[in-house]
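Below is one structure; the comments refer to it alone.
The values are calculated or read from the model by the stated rules, or taken from the named source; none is laboratory data. Quantities reported herein were computed from a predicted structural model and do not represent experimental measurements. Cβ atoms come from the backbone with ideal geometry, glycine included; neighbour counts cover every protein chain shown.
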Amino acid sequence: MFDFSIVTNWIHELLLSIMPEGLAIFIECVAVGVCLVALYAILAIILIYMERKVCGFFQCRLGPNRVGKWGSIQVVCDVLKMMTKEIFMPKGADHFLYNLAPFMVIIASFLTFACIPFNKGAAILNFNVGVFFLLAASSIGVVGILLAGWGSNNKFSLIGAMRSGAQIISYELSAGMSIMTMVVLMGTMQFSEIVEGQANGWFIFKGHIPAIIAFITYLIAGNAECNRGPFDLPEAESELTAGYHTEYSGMGFGFFYLAEYLNLFIVASVAATIFLGGWMPLHIVGLDGFNAIMDYIPGFIWFFAKAFFVVFLLMWIKWTFPRLRIDQILNLEWKYLVPISMINLLLMACCVAFGFHF
Amino acid sequence: MEYKDRKYTYLGSLVHGISTLTTGMKTSIKVYFRKKVTEQYPENRKELKMFDRFRGTLSMPHNENNEHHCVACGLCQMACPNDTIKVTSKTVETEDGKKKKILASYEYDLGACMFCQLCVNACPHDAITFDQNFEHAVFDRTKLVLKLNHDGSKVIEKKKEV
């Protein structure tokens, strides 16, 4: 199994041999930041392309196919178009909040993104309350959305932002609860330990029924939290013409768009880490030969395969179901998901207490 | 609709909801793997097949002797809600001394046509029809005013009853 910390340690030693420790750590921080931004951009390109293709296939059409082979540089063209657009502000908008909002959304998305363990030894933020940090950081995004709605000086944007706020805050409850269910099973909140704990079977197999219920609840809540899928009510094109980001043009809108797609990936990769074992290969207890073969596949391939599997699952849901009304959304959350995840938490606690898990 | 006459309990509606959602997902994944219906238009111009009922341009079919069916009655012109059709007729004298109205020119403004097919329905002789040609783009509006009857064409004479 490839351990990424060998590389990072080697870089650290190399830098220490030519400069003082403080400077070395500073340079490492900058390098990590640059890598993070690069990975973010690459993933955004892949996700937007994937979304358009998958959407097309679900609607029995081909999707982008004009620019480049199979439309592969479509996203690059989109970004170029977006960057050359003029950024203008509506009359009477709150300049500071209007400009701040996209960055709040992006910052929340980056902070959450940094928590995710990509490979063995390749976790950027890895401390003992990682799950807590992730939940806290991801909820900064809603502040950005509310600021965008308020700062735009547009009633429809404000309605969109309020809807989004109501939706995200509601669904954070069941998302947090389903993660908590798994924390009960995992016994730790540190991402590296969570993944190590799945060496003898992924948690979705180990926790069987309560874990599967938690997985489904998490997928629904996560999908709602990134304003996607059947829950894309905050940007309901038919009623609000794009909701909270109506008044944004050019890259201001681009940041919201980017954050939405990366939040999708973050939700998927958290699901992959907590339920499907993150970078941990598929191990079956007793089959040592099989486990050894699985170990030859590098961890980040496992991680990205699982994450993109969940992304596909979420896109499948998005392009299948019609949009929900606001009362249906809140009904689903408060009448169904919250009670189910509460009972599920209890069930999981019983399972762990009596040792019903594998 | 259904929930009004059939009352579901809390758990019943949950199970019902999940089962309908999985039905939807099953359908959409079938569509995902189905053959795509996209037509790649400029490339497939040669093998492009339009539907029979497709309304492209109004046209007046002529036979090999440069003859058409139009008797210049002007019903199409009256049926047209947009005044896109202008039938000009002239009166000629036949060999046996009778006066007869024949078609001089049939002008059709494609730029104002809304493809309602009322003119085709109004025509008692099936002289006009919509063809499949849909590539209408030109740089000058005047080019959209088309003359449907060919030069020197005449109406197909009905065979004299013996």
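Here are the numbers for this structure:
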{"read-out": "Selected residue (criterion: surrounded by the fewest Cβ atoms within 10 Å (Cβ to Cβ)) from residues of the range A:161-202 that are over 19 Å from the mean Cα position of the chain (by Cα) and outside any helix (DSSP H, G or I)", "value": "A:GLY187"}
{"read-out": "Any hit, the range B:53-64, residues being closer than 14 Å to B:LEU110 by Cα, touching a strand residue (DSSP E or B) at 6+ places or on another chain (Cβ under 9 Å) and small (Gly, Ala, Ser)", "value": "yes"}
{"read-out": "Residues of the range A:54-98 satisfying the condition of being surrounded by 15 or more Cβ atoms within 10 Å (Cβ to Cβ), without any contact (Cβ under 8 Å) to a residue 12 or more places away in the chain and within 25 Å of the chain's Cα centre (by Cα)", "value": "A:GLY56, A:PHE57, A:GLY63, A:ILE73"}
{"read-out": "Those residues of the range A:41-98 which are among the hydroxyl-bearing types (Ser, Thr, Tyr) and either closer than 30 Å to B:MET25 by Cβ or within 14 Å of chain B (Cβ to nearest Cβ) (or both), in sequence order", "value": "A:TYR49, A:SER72"}
{"read-out": "Top-ranked residue of the range A:290-321 - restricted to ones that are at pLDDT 85 or above and farther than 21 Å from A:THR273 by Cα, ranked as surrounded by the fewest Cβ atoms within 10 Å (Cβ to Cβ)", "value": "A:PHE321"}
{"read-out": "Filtered residues of the range A:115-139 (kept if surrounded by fewer than 18 Cβ atoms within 10 Å (Cβ to Cβ) and in a helix (DSSP H, G or I))", "value": "A:PHE132, A:ALA136"}
{"read-out": "Answer residue from the range A:149-160, given it is crowded, with 24+ Cβ neighbours inside 10 Å and touching a Gly at 6+ places or on another chain (Cβ under 9 Å) and is nearest to A:ALA353 (Cα to Cα) among those", "value": "A:GLY160"}
{"read-out": "Top-ranked residue in the range B:120-141 [being crowded, with 16+ Cβ neighbours inside 10 Å and of a type in the set (Gly, Ala, Ser); ranked as nearest to B:ALA79 (Cα to Cα)]", "value": "B:ALA122"}
{"read-out": "Hey, B:LEU11 among the hydrophobic types (A, V, I, L, M, F, W, C) and either in contact with a Phe, Trp or Tyr (Cβ under 8 Å, 6 or more places away or on another chain) or away from chain A (no Cβ under 11 Å) (or both) or not", "value": "no"}
{"read-out": "Which listed residue, of B:LYS147, B:LYS49, B:LYS154, is modelled with pLDDT under 85, on the phi < 0 side of the Ramachandran plot, surrounded by 11 or more Cβ atoms within 10 Å (Cβ to Cβ) and away from chain A (no Cβ under 14 Å)", "value": "B:LYS154"}
{"read-out": "Residues of the range A:147-157 classified as in a helix (DSSP H, G or I), in contact (Cβ under 8 Å) with a residue 24 or more places away in the chain and not small (Gly, Ala, Ser), total", "value": "3"}
{"read-out": "Residue list for the range B:36-94, restricted to those being among the hydroxyl-bearing types (Ser, Thr, Tyr), within 21 Å of the chain's Cα centre (by Cα) and part of a loop (DSSP other than H, G, I, E, B)", "value": "B:TYR41, B:THR57, B:THR84"}
{"read-out": "Yes/no for B:GLY17 being within 14 Å of chain A (Cβ to nearest Cβ) and at pLDDT 90 or above", "value": "no"}
